[in-house]
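The values are calculated or read from the model by the stated rules, or taken from the named source; none is laboratory data. All values derive from a computational prediction rather than experimental measurement. Cβ sites come from the backbone with ideal geometry, for glycine too, and all protein chains shown count toward neighbours. SASA here: full protein model, heavy atoms, side chains in, ligands and nucleic acids out. Shrake-Rupley method; radii C 1.70, N 1.55, O 1.52, S 1.80 Å.
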Amino acid sequence: MNILLGINAAGAVRVSEILPLLLPYRSEGDLVEKAWGISLHQQKTARLFKDDVTAQKAAYHGFAHDHEGHGLLAQTILSEGQAVPAYADIAPFTRELGGRVWTFTHDSDLPNLDQLEVIGFRPIGTSAAERAFCLLLDTARDYLGENGEIPDPQKMLHRLARETSRISASGHFNYMLSNGDYLFVHSHTQLDILMAEDDAEQRDICLVASQQMTDDDFWSCLLPHSLTMIRNGKIIGQVRMENPADTTMQKNHAASLRKFQQNRRAAIAERQEQCAGDGHLYECS
């Protein structure tokens, strides 16, 4: 499974603010961390950081804390005994469309997706999820203005919803799609959302994740099989989808997330104990 985190804000988001949410997870137990990736939108472009995880190289070490941007997508790949994915198959994926960089991350299982023809964009790797990204961009292209702006966001939302329903008919498909300005989130099983007003920074900020990433009581869930459009830290559109995830998908997703939360709590406790032991409390903030 893939653990997702998406952020959309009215003001800049610093990487140092979200790194504590992306602590490396333990390698013991059923779930083992295999790879990670972060894309950070800055105006029309995006910084991309991704890598696999080995015993000698923990995730996020050496990552530049001082980067900031208006939107962020992050993904950690957890698996049970599976091979490390090839670099080209590690999300977030990126493409230029309309003079802006679009990014995509996912938690999905899409067998038989090669039956759907891609037109303008082509996958670089071998993952079905990247093919789905190309299909979504082929759809979005027709709803962009001359300078890459989105003249009618609601029309694009409904068209992306139809394409998403077509893609998700082949399996399980949670995803986040962003151009740094807009964030589109497909909750096929269930994703959690936190919306807040940051008075200190004078901004609205929205976090969407596979499951609650903090201990706040203000998280709520995005309904299963819905497509949500977010801009400047606020929801501006939402539609219900066809092709809901079946009961087995829902149960498997919930079970995997319970394992993730257990690993996350244990990792945080171990990290805090290590920091307290060497006096470097700042590493745990």
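A few points about this structure:
- The solvent-accessible area of Ile236, taken with every protein chain present and a 1.4 Å probe, is close to 70 Å².
- Residue-span extension gain [Gln43 to Ala86] - 0.36 nm each, minus C-alpha spacing: 12.6 nm
- Gain upon complete extension [Asn112, Gln154; 0.36 nm per residue less C-alpha separation]: 12.2 nm
- Rounded if a/c under 1.5, otherwise prolate or oblate - the range 136-202, Cα gyration tensor axes: oblate
- Each peptide in 173-183, 86-96, 148-158 gets a packing score, the mean of other Cβ atoms within 10 Å over its residues, and the list from highest to lowest is 173-183, 86-96, 148-158.
- Neighbourhood charge, 13 Å Cβ-Cβ cut-off, centred on Ala129 and excluding it, Lys, Arg +1 and Asp, Glu -1: -4
- Using a simple spin-label model with pseudo-atoms 7 Å out from Cα toward Cβ, Leu21 and Glu146 lie 3.8 nm apart.
- Taking 0.36 nm per residue of separation and subtracting the Cα-Cα distance, full extension of the segment from Asp217 to Arg162 would add 16.5 nm.
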